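S.K.: Structure in structure tokens, see below.
The values are calculated or read from the model by the stated rules, or taken from the named source; none is laboratory data. For clarity, every value in this text was computed on a predicted model and none was experimentally measured. Virtual Cβ from ideal backbone geometry, glycine too; neighbours counted across all protein chains shown.
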Amino acid sequence: MSNHQTGMRKDEHVRINLEEDVACDQITTGLERYQFIHQAVPECDLADVNTSLTFLGHRLAFPLLIASMTGGTQWTGALNRLLAEAAQAMGIGMGLGSMRVMLEKPETATTFQVRRYAPDILLLANLGAVQLNYGYGPDECRRIVELVEADGLFLHLNPLQEALQPEGDTRFSGLLRRIEAVCHALEVPVIVKEVGGGLSEHAARQLVNAGVAGLDVAGAGGTSWSQVEMHRGQNGIQRAVAAVFRNWGIPTAQSLQMVRRVAPDIPLIASGGLQTGLDIAKSLALGADVTTMAGVLLQAAAQSPQALFERLEIIRRQLTIAMFVAGAPDIPRLKHTPLLLI
């Protein structure tokens, strides 16, 4: 695919996410089926609830990373700057959007280079894992990490989305050993994430054996990337093929528990349809260490900087109050708080 097309596709993906209904419409994250046991005597003060934690050696004010979304064009570069400034101000982390375009078009690097706006945050670079089967390797991975001064690298897996793109990269065979080579070669942690399909027990076991430093389940129940590709479809056949996969994937709550069963100690990120501080609290009680959010923050950022900061503050307060009334005054205790399945 031409460099120009890669950039145009970036803008198109963001525009479709903002303007079209691309949510799963029958499947949910599964988080709504879980409820905390209300504690009328929490035995702590709201003011003393501590939401902070350390993840991958970085202190976070609360367990949230702004998800990998964007970059590569002027518009998405401006969004990245705003997201980075918000992450810095709130004391949370951030993942950058897929950076293949930066390797193909070095002049787009500035749209990803947000370190000057966010000197202290946990910042993660990002590349599609399948690109390792298309000529990219540890050297390119190291280069994108260095160019944006990142603290780690997301390799994302998106077989369904690639299969639905007319220009998709679909050679996924032999990928595990290439992921393993990157994990061993890089000096920074390599985290593998899905993009809305979730990680199964089988996939998690394979990736842990390959030496990944962390996993992000990115389960189903939020944005359906097959639906995004349906809106991009250039003809009736492409759109009809994509439409049937709108509710494909492992719901986030189930994927979290699947991964935790086979990888009890791996640093684990919950994402896929999370929108509130209560969703964060439930995810940690189900086994996650931190969470990421995309859609709800993208919508706010596209509205105004103030809307983004307000949304993050709302999420932080929701988490704090959820912990308070669940009787969990800090993150370690939240992670050992039982949930009711309703």
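S.K.: Go through the range 225-247 and count every residue that is part of a loop (DSSP other than H, G, I, E, B), among the hydrophobic types (A, V, I, L, M, F, W, C) and at pLDDT below 90.
M.R.: So the answer is 0.
S.K.: Quick one: is THR252 buried (at least 24 other Cβ atoms within 10 Å of the Cβ) and at pLDDT 95 or above?
M.R.: So THR252 passes the test.
S.K.: If you take the residues in the range 55-73 that are buried (at least 24 other Cβ atoms within 10 Å of the Cβ) and aliphatic (A, V, I, L, M), which one is nearest to PRO332 (Cα to Cα)?
M.R.: Within the range 55-73, the match that is nearest to PRO332 (Cα to Cα) is LEU64.
S.K.: Which one of the conditions (1) out of contact with any strand residue (DSSP E or B) (no Cβ under 9 Å at 6 or more places or on another chain); (2) crowded, with 17+ Cβ neighbours inside 10 Å; (3) within 25 Å of VAL244 (Cα to Cα); (4) basic (Lys, Arg) does LYS193 fail to meet, given that it meets all the rest?
M.R.: (1)
S.K.: Which one of these is within 20 Å of LYS335 (Cα to Cα) and surrounded by 16 or more Cβ atoms within 10 Å (Cβ to Cβ): ALA203, ALA218, ALA210, ALA242?
M.R.: It is ALA218.
S.K.: Follow-up. So for the range 176-183 (the condition being hydrophobic (A, V, I, L, M, F, W, C) and crowded, with 24+ Cβ neighbours inside 10 Å), does at least one residue qualify?
M.R.: Yes, the range 176-183 contains a residue that is hydrophobic (A, V, I, L, M, F, W, C) and crowded, with 24+ Cβ neighbours inside 10 Å.
S.K.: List every residue pair whose Cβ atoms sit under 6 Å apart, with the two residues 6 or more apart in sequence or on different chains, where the first one lies in the range 255-282 and is free of Cβ contacts under 8 Å to residues at least 40 places away in the same chain and the second, anywhere, is buried (at least 24 other Cβ atoms within 10 Å of the Cβ).
M.R.: Partner pairs satisfying both residue conditions: LEU256/VAL217; LEU256/ALA270; LEU256/ALA288.
S.K.: Which count do you get for residues in the range 119-171 that are surrounded by fewer than 18 Cβ atoms within 10 Å (Cβ to Cβ) and of a type in the set (Gly, Ala, Ser)?
M.R.: Number of matching residues: 4.
S.K.: Testing THR70 on (1) modelled with pLDDT of 95 or more; (2) under 25 Å from PRO267 (Cα atoms); (3) assigned to a loop (DSSP other than H, G, I, E, B), one condition comes back false. Which one is that?
M.R.: Against the list (1) modelled with pLDDT of 95 or more; (2) under 25 Å from PRO267 (Cα atoms); (3) assigned to a loop (DSSP other than H, G, I, E, B), THR70 comes up short only on (1).
S.K.: Right, something else. Can you confirm whether THR76 is among the hydroxyl-bearing types (Ser, Thr, Tyr), within 18 Å of the chain's Cα centre (by Cα) and buried (at least 21 other Cβ atoms within 10 Å of the Cβ)?
M.R.: In short, yes.
S.K.: Filter the range 87-108 down to the residues that are crowded, with 24+ Cβ neighbours inside 10 Å, part of a helix (DSSP H, G or I) and touching a strand residue (DSSP E or B) at 6+ places or on another chain (Cβ under 8 Å) and list them by number.
M.R.: ALA87
S.K.: Just for the range 195-216: of the residues that are under 18 Å from the mean Cα position of the chain (by Cα) and in contact (Cβ under 8 Å) with a residue 60 or more places away in the chain, which one is farthest from PRO251 (Cα to Cα)?
M.R.: ALA213
S.K.: Identify all residues within the range 1-57 that are at pLDDT 95 or above, more than 18 Å from the chain's Cα centre (by Cα), part of a helix (DSSP H, G or I) and among the hydrophobic types (A, V, I, L, M, F, W, C); write none if there are none.
M.R.: Of everything in the range 1-57, those that are at pLDDT 95 or above, more than 18 Å from the chain's Cα centre (by Cα), part of a helix (DSSP H, G or I) and among the hydrophobic types (A, V, I, L, M, F, W, C) turn out to be LEU46, ALA47.
S.K.: Moving on to the next point. Please note which strands (runs of 3 or more DSSP E) are completely contained in the range 248-342 and include at least 1 residues that are hydroxyl-bearing (Ser, Thr, Tyr) and closer than 20 Å to LEU53 by Cα.
M.R.: So the answer is 290-293.
S.K.: I need the full set of residues from the range 283-295 which are within 18 Å of VAL22 (Cβ to Cβ) and at pLDDT 95 or above, in order please.
M.R.: THR292, MET293
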